[in-house]
1. Please list Tyr79, Tyr93, Tyr100, Tyr59 in order of solvent-accessible area, largest first, computed with a 1.4 Å probe with all protein chains present.
2. Once you've got the GNM for the chain with C-alpha springs shorter than 10 Å, pick whichever of Gly26, Gly35, Gly55 has the biggest mean-square fluctuation.
3. With each pseudo-label sitting 7 Å past Cα toward Cβ, what's the Ser7-Ala40 distance in nm, one decimal?
4. Which of the aspartates and glutamates could a cross-linker span from Lys86 if the Cα-Cα distance has to be under 19 Å and same-chain partners fewer than 8 positions apart are dropped?
5. Points 7 angstrom from Cα along the Cβ direction at Gln81 and Thr57: gap in nanometres?
6. Taking only protein heavy atoms and a 1.4 Å probe, what accessible area per residue, in Å², does the chain have with all protein chains in place?
7. I'd like the distance between the alpha-carbon centres of region 76-95 and region 29-45, rounded to an integer number of Å.
8. Whole-Hz ³J(HN,Hα) for each residue in region 84-95, computed from phi via Karplus 6.51 cos²θ - 1.76 cosθ + 1.60 with θ = phi - 60°, x for glycine and proline: what do you get?
Amino acid sequence: QVRLVESGGGLVQPGGSLRLSCAASGSIFSLNAMGWYRQAPGKQRELVATFTRTGSTSYADSVKGRFTISRDNAKNTVYLQMNSLKPEDTAVYYCNKVLYGVDYWGQGSQVTVSS
């Protein structure tokens, strides 16, 4: 059983920063194949940033240079540092872990970028 618990969402003004955290528990084995998705109202869920199965990082073009994914293996936690936030970044952000072909999801964290 894999459990993902997110924290760190909120309301921020354009140009501001937020950091999301995702604490993983259970038989996750590693923090590879783990990352962040987001879903805005009326839109499909999209990949934001992830650690691939080999441990490298991958980012959506829309967040490159602004968002950074990182991890603390000792704490089984993955982070998403979001800088220079834009109104179009407003969405529910979900932590994701893929294990043996199965997707596990966090509960979702609302990020709202508005003045």
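The values are calculated or read from the model by the stated rules, or taken from the named source; none is laboratory data. Predicted, not measured: the structure shown is a model, and the values here were computed from it. Neighbour counts are summed over all protein chains in view; Cβ atoms, including those assigned to glycine, are modelled from backbone coordinates with ideal geometry. Surface accessibility is based on the protein's heavy atoms, side chains included, excluding ligands, DNA and RNA. Shrake-Rupley method; radii C 1.70, N 1.55, O 1.52, S 1.80 Å.
1. Numbers: Tyr79 30, Tyr93 0, Tyr100 185, Tyr59 55 Å².
Largest accessible area first, the residues go Tyr100, Tyr59, Tyr79, Tyr93.
2. Per the Cα network of the chain with a 10 Å cutoff, Gly26 tops the list.
3. About 2.9 nm separates the two model spin labels.
4. Glu46, Asp61
5. 0.8 nm
6. Values: 6150 Å² over 115 residues.
Value for the chain: 53 Å² per residue.
7. The two parts, judged by their Cα centres, are 10 Å apart.
8. Once rounded to whole Hz, the list reads 6, 5, 10, x, 6, 7, 4, 4, 8, 9, 10, 7.
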